[in-house]
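What follows is calculated from the coordinates using simple rules that are stated; it is not laboratory data. Note that the structure is a prediction, hence the values are computed from the model and not measured.
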């Protein structure tokens, strides 16, 4: 009986570990690719080969303020919106002016269309992706040239979570997916 308790405890711990979901590291709005569901997005490198930070070196970052809103159409699924803005955040991290211009563009669209859940969600998601991106340098997630290029180190002033909550509150057909995205911030 003396050996039974440690054995049972060890077996229970092993079973609990085996049943546990694997931990996902890194800020979710920028470190983990989202499903495009066949939707177009910004050009990107091989995600499997290089991980989260693999932008296409030939893409012209100055086009973000034009390309991103054009990709975020009324029919773009929430997961594809998230992946497009994840990529945009990584591209924008290399140029403060480009990052600011893109955020202003999506914020202005949300301000002009307060009844458009997509516009609110997009501005909110990008704000929070920028917030997470501002911590990448602090968390020492980059090396070498990538670390030198990363300029996004200050958190944005806006409250993206509030905008995502406003989008969810509109109770559109995509509200459930937007709610899942919001839960990644907790």
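Some notes on this structure:
- Segment residue 56-residue 111, extension gain: residue separation times 0.36 nm, minus the distance between their alpha carbons: 16.7 nm
- Region 58-104: C-alpha gyration tensor shape, a/c 1.5 cut-off, then a/b vs b/c: prolate
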